[in-house]
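Step one of this worksheet: look at the structure below.
The values are calculated or read from the model by the stated rules, or taken from the named source; none is laboratory data. On a predicted model such as this, the values are computed, not experimentally measured, just so you know. Heads up, the Cβs are rebuilt from the backbone with ideal geometry, glycines too, and the neighbour counts pull from every protein chain shown.
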Amino acid sequence: MRKLPPLHPGEVLREEFMEPLGLTPYALAARLDVPRTRIERIANEQTGISADTALLLGAYFRTAPEFWLNLQSKFELETARQEKDIARKLHKLEEMQAA
């Protein structure tokens with residue numbers, strides 16, 4: 001079974017919030033009073049969501065800021081787990097603990 005790539009929070013922002021509301025990155029950035037490029041980079045999955053952006057997105061979309069930070073944390077953990085070096089080290093630690 002092929003594993004899906006980790007879900008980037010930018011995909012959630014774009015697909016579940018911006019597109020249904022007809023918001024462009026420019027419009028959302030203007031409403032949040034942040035640089036347009038910040039929202040563009042998040043929506044294009046080029047950068048993550050910082051704590052200050054999570055606070056603003058939470059206030060605007062009436063979600064908990066933790067929702068956005070949890071998406072970001074989950075993405076980062078899953079991405080790290082898929083890195084070969086980390087996967088090898090995790091496997092080694094599991095073997096040591098099983099012995």
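Annotations
- Number of the condition not met by residue 34 [criteria: (1) farther than 21 Å from residue 79 by Cα; (2) not in a loop (DSSP other than H, G, I, E, B)]: (2)
- Residue count, the range 63-92 (criterion: among the polar types (S, T, N, Q), out of contact with any helix residue (DSSP H, G or I) (no Cβ under 8 Å at 6 or more places or on another chain) and closer than 14 Å to residue 50 by Cα): 2
- Test result for residue 10, part of a helix (DSSP H, G or I) and either on the phi > 0 side of the Ramachandran plot or surrounded by fewer than 17 Cβ atoms within 10 Å (Cβ to Cβ) (or both): no
- Which listed residue, of 96, 18, is assigned to a helix (DSSP H, G or I) and at pLDDT 95 or above: 18
- Beta carbons closer than 6 Å, at least 6 apart along the sequence or on distinct chains, pair a first residue in the range 61-74 that is within 17 Å of residue 29 (Cα to Cα) with a second that is part of a loop (DSSP other than H, G, I, E, B) for 68/49.
- Of the residues making up the range 37-51, those that are in a loop (DSSP other than H, G, I, E, B) and of a type outside the set (S, T, N, Q) are 45, 48, 49.
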